[in-house]
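In what follows, a single structure is set out as structure tokens and then discussed.
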Amino acid sequence: MQKTLLKYRIDELLGQLSVRDYRKAQLLIPQILNVSSKTFSNYRKIKFDDKQDIPHEKVVLLEKLFALGPGELQNFFYDIEPIKTLGLENQPAPQKIKRKSK
């Protein structure tokens, strides 16, 4: 059976906590994010291919709560060249940016 790839590492990071801290986190994180516990539960279950996403300000808060750097909460990265190296003159606009799992 293939493991479901989640868009964000929330469950992985919560799993690293002690049982006591995990229980506290389950209560505190939704309050800090100003969302319901059901919404936070939904954030934890977002699959890599889902159109659903967490609002950026909530992702930033989660990264700070888990002491992560920018972009370290997500399980994917964007594969794209920096704008200065693209040679924008006489180039058609790209159709779609490719997203890859980590």
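The values are calculated or read from the model by the stated rules, or taken from the named source; none is laboratory data. Predicted model, so just to flag it, every value in this text is computed and none were measured. Heads up, the Cβs are rebuilt from the backbone with ideal geometry, glycines too, and the neighbour counts pull from every protein chain shown.
Can L86 be described as surrounded by 11 or more Cβ atoms within 10 Å (Cβ to Cβ), touching a residue at least 60 places away in the same chain (Cβ under 8 Å) and not hydroxyl-bearing (S, T, Y)? When the stated conditions are applied, L86 does not pass them.
Per this entry, K51 is counted among residues that are among the charged types (D, E, K, R), at pLDDT below 95 and either surrounded by fewer than 10 Cβ atoms within 10 Å (Cβ to Cβ) or not in a helix (DSSP H, G or I) (or both).
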